[in-house]
Amino acid sequence: MKKVIAIIVAGGKGKRIGADISKQYLNISGKPILAHTLKAFEDCNAIDSIIVVCHPSDMEYCKKNIIKKFGFKKVIKIVKGGKERQDSVRNGLDAVPKSCDIVSIHDGVRPFVSQSIIKKSISDTKKAGASVVCVPVNDTIKEVLNGYAAKTLQRQKLWAVQTPQTFKTEIIKKAHKKALEKGIITTDDSSLVEILGYKVKVVEGSYENIKITTPEDLIIGEAIANRLWI
């Protein structure tokens with residue numbers, strides 16, 4: 001049986017949300033966003049262990065007020081985040097034990113990921129080596145240059161990227177190593193794997209698997225949480 005570890009990336013400070021604390025510690029339905037996220041992976045029987053990556057100044061807070069308070073047993077390490085998200089993921093990967101076969105990377109502020117999506121991303125990765133959760137875009141997308149519409153893109157070909165993004169361990173570690181050596185920077189781990197020449201399987205996600213980024217997202221998140229009884 002392949003061992004699967006989830007890396008939950010929660011290293012941001014959430015400046016766009018305008019709060020006094022990092023957005024992952026804000027409450028939705030009476031519980032911190034990060035606690036909701038961790039519970040999804042804690043409860044998933046396809047996940048063996050969890051590594052949390054958080055801002056260096058938040059490490060003790062995260063340990064005391066999230067991991068211990070809510071009794072997450074699968075969390076094996078809390079790792080310091082880096083300057084950029086890519087640095088944080090790499091730090092998380094450095095903490096992955098050699099016994100791990102598959103790594104599932106997920107945003108700490110995507111609290112509504114479902115068990116079925118997590119499991120599907122893992123099963124597809126076992127076959128394909130890499131997978132990324134996405135949803136078809138609903139809006140027409142235009143390419144804009146200097147304030148003018150330059151091109152209308154074909155909507156049926158466009159998918160919005162979510163997480164988890166799941167990989168065989170050796171593939172994602174190799175991708176991040178090359179990116180560091182070549183100075184390649186992206187906001188998306190699957191992009192680094194594509195650069196290596198690997199095909200990344202697309203797993204259809206959910207429009208409820210939102211990333212909490214703005215104050216408006218908190219309102220939407222409360223509505224989703226109340227409907228799902230989280």
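Numbers at a glance
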{"quantity": "Extension gain (nm, one decimal) between Tyr61 and Thr187, 0.36 nm per residue minus Cα-Cα", "calculated": "42.8 nm"}
{"quantity": "Estimated FRET transfer efficiency (Leu153, Glu84; beta-carbon r; R0 22 Å; 0.05)", "calculated": "0.25"}
{"quantity": "13 Å cut-off, amide nitrogen to a point 7 angstrom out along Gln115 Cα→Cβ, residues in region 65-81", "calculated": "none"}
{"quantity": "About the Cα centre, charge dipole magnitude for region 1-133 (Lys/Arg +1, Asp/Glu -1 at Cβ), debye", "calculated": "100 debye"}
{"quantity": "Estimated 222 nm signal from helices in the chain, with DSSP H stretches of n ≥ 4 weighted -39500 (n - 2.57), rounded to 500", "calculated": "-9500 deg cm²/dmol"}
{"quantity": "For the chain: relative contact order, % (alpha-carbon pairs under 8 angstrom, 6 or more apart)", "calculated": "24 percent"}
{"quantity": "Within region 20-51, backbone nitrogen closer than 15 Å to the virtual label 7 Å beyond the Cα of Lys211 toward Cβ", "calculated": "23-24"}
{"quantity": "Flagged links, alpha-carbon separation over 30 Å, of Lys127/Lys151; Lys3/Lys80; Lys2/Lys31; Lys23/Lys126; Lys68/Lys178; Lys2/Lys80", "calculated": "Lys127/Lys151; Lys2/Lys31; Lys23/Lys126; Lys68/Lys178"}
{"quantity": "For Tyr61, Tyr198, order by how many other beta-carbon atoms lie within 10 Å, fewest first", "calculated": "Tyr61, Tyr198"}
{"quantity": "Glu60, Glu208 arranged by Cβ crowding within 10 Å, fewest neighbours leading", "calculated": "Glu60, Glu208"}
{"quantity": "Rg followed by Dmax, in Å, when the chain is reduced to its Cα trace", "calculated": "17.4, 53"}
{"quantity": "Residue among Tyr198, Ser29, Gln165 farthest towards the positive dipole end of the chain, charges placed on Cβ", "calculated": "Tyr198"}
{"quantity": "Low-density loop positions, GluC sites (Glu not before Pro), region 70-177 - DSSP coil, at most 16 other Cβ in 10 Å", "calculated": "Glu84"}
{"quantity": "Neighbour-count ranking [beta-carbon atoms within 10 angstrom, fewest first] of Lys73, Lys174", "calculated": "Lys73, Lys174"}
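Coordinate-derived values only; no laboratory data. Fair warning: this is a prediction, and the values are worked out from it, not measured in the lab. Ideal geometry is used to build each Cβ from the backbone, glycine not excepted, and the neighbour counts take in all protein chains shown.
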